[in-house]
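Comments concern the structure below.
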Amino acid sequence: MIDASAAPLPAKRPVLLFACFGVNQELWLRWLRHHGPDIEIRVWPQIGLASEIDYVLAWEVPDGFWAQFGALKAIFSLGAGVERLLLDKDIPVGVEIVRMEDPSLEPAMAEYVLLHVLHHHRDMGRYAADQRQRLWRPAASPLASERTVGILGLGRLGRACAELLVTLGFDVRGWSRTANPMSGVTAFVGPGELDDFLSRCEVLVCTLALTPQTRGILDLALFRRLPKGALLINVGRGGHLNEPDLTTALDEGCLAGAVLDVLSAEPPPQDHPFWSDPRIAITPHISAPTRPQTAAQTVIAKIDRIERSAPVSGVVNRSQGY
Ligand code: GLV
């Protein structure tokens, strides 16, 4: 007869709580279950016993949310940017926060940035305006190698943009807080080299993480250091930009235009001046959306590694802020 008391206890299935708002929940759950058949997935607010939850996949959770969990092994951010999670003082200090590393993010971001760099580089805004006035005014364009594009922030997304622009022959320079060299990209490091970096950027692309050090970095003083008539592309966070300063910079001519995929309020209020400013193109935070199909797989793979005590990539350095 088998002594049941001697049989090993079945291993507890890891429990993942899905707590993301404003996303296609059905699609996410389908892909999480597809990639993680051995993981128990609970959906906020039906959390069951909070002490049984090992992992949370979160985006914009309500105030006080984190206080209920006792023993989390990790928190996964639905987005690459984690500034909102870091603002939440309830997240226990010992719990690792893991940023989203969906492999779809980099190509999507690089594509969005390239689209707007090329639009500016080939003066397409002027040709569109000319067409509306039945004007035929050809002008020579510089070569890509004669156009300098600066990437402010060389994390995974910034590097993907830089790589693609280098492939097309643009003169690419990158600025990062600490040295992060890339082949084909002229590197500038730290606050001491920021002015030198800016001095030649005819297009400035902000892909920085939002931290207390980078909040408001896109201000009038910075715009005035760019070559006259530069284009700003902000795909970082709305908090990087001083919005009234942008209007002043456009009025002064230090900027010719701006492409903003992120704003301080999303959506901006109906009376926000950017809606109707022809010099500003706004898009509704679509440059690099997390795709459940691929993102769910990365989250499940990381849970699997943590369960096997293997290291995972994308762990946020809380004091650094990203
Ligand atoms: C989106 O903005 C993200 O953080 O991935």
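No value in this document is a laboratory result; all are computed from the given coordinates. What you see is a predicted model, and the numbers here were worked out from it, not measured in a lab. Cβ atoms come from the backbone with ideal geometry, glycine included; neighbour counts cover every protein chain shown.
For ILE282, nonlocal amide neighbours, meaning residues 5 or more places apart or on other chains whose placed amide H falls under 5 Å from its own, are LEU260.
Of GLY22, PRO37, GLY64, which is farthest towards the positive pole of the range 1-133's charge dipole, taken about the Cα centre with +1 and -1 on the beta-carbons of Lys, Arg and Asp, Glu respectively? About the Cα centre, the residue reaching furthest to the positive side is GLY22. Sequentially through the range 295-307, phi angles give Karplus couplings (6.51, -1.76, 1.60; θ = phi - 60°) of 5, 4, 5, 5, 5, 5, 5, 6, 4, 4, 5, 5, 4 Hz, Gly and Pro residues having no value and appearing as x.
Residue by residue, the range 103-109 carries 3J(HN,Hα) couplings of x, 6, 5, 4, x, 5, 5 Hz when phi is fed to the Karplus relation 6.51 cos²θ - 1.76 cosθ + 1.60 (θ = phi - 60°); x denotes Gly or Pro. The angle between the Cα long axis of helix 25-35 and the longest principal axis of the Cα atoms of the chain comes to about 60 degrees, rounded to the nearest 10. Taking GLY158, GLY150, GLY36 as the candidate residues, the one with maximal mean-square fluctuation in a Gaussian network model of the chain, Cα springs under 10 Å, is GLY36.
What number comes out for the charge environment of ASP90, summing +1 per Lys or Arg and -1 per Asp or Glu over other residues with Cβ under 13 Å away? It works out to a net charge of 0.
So how do TYR322, TYR127 line up by other beta-carbon neighbours within 10 Å, fewest first?
Fewest-to-most ranking of TYR322, TYR127: TYR127, TYR322.
Give the distance, in whole Å, between the Cα centre of the range 91-153 and the Cα centre of the range 277-322. For the range 91-153 versus the range 277-322, the Cα centre distance is 21 Å. Each 10 Å bin from zero up to the one holding the largest Cα-Cα distance in the range 39-151 carries the following percent of pairs: 11, 29, 18, 14, 14, 12, 3. Cross-link partners of LYS73 among lysines, defined as those whose alpha carbon lies under 29 angstrom from its own and excluding same-chain residues fewer than eight positions apart: LYS12, LYS89, LYS302. In this structure, the amide hydrogen of THR186, modeled 1.01 Å from its nitrogen in the peptide plane, lies closer than 5 angstrom to those of VAL172, ARG173, GLY174, counting only residues at least 5 positions away or on a different chain. In plain terms, the residue of PHE65, PHE170 with the fewest other Cβ atoms within 10 Å comes first and the most crowded comes last, giving PHE65, PHE170. Compared with the dominant Cα axis of the chain, that is its longest principal axis, helix 156-167 is turned about 40°. In order along the range 314-320, the phi-based Karplus estimate (6.51 cos²θ - 1.76 cosθ + 1.60, θ = phi - 60°) of 3J(HN,Hα) comes to x, 6, 6, 8, 4, 6, 6 Hz; Gly and Pro are listed as x.
Dividing the convex hull volume of the alpha carbon atoms of the chain by its residue count gives 169 Å³ per residue. Amide H contacts of ALA74 (H built 1.01 Å from N, in plane; Pro and chain starts excluded): VAL56 sit under 5 Å, all sequence-distant by 5 or more or on other chains. Counting neighbouring beta carbons within 10 Å and listing from fewest to most, the residues CYS254, CYS206 come out as CYS254, CYS206.
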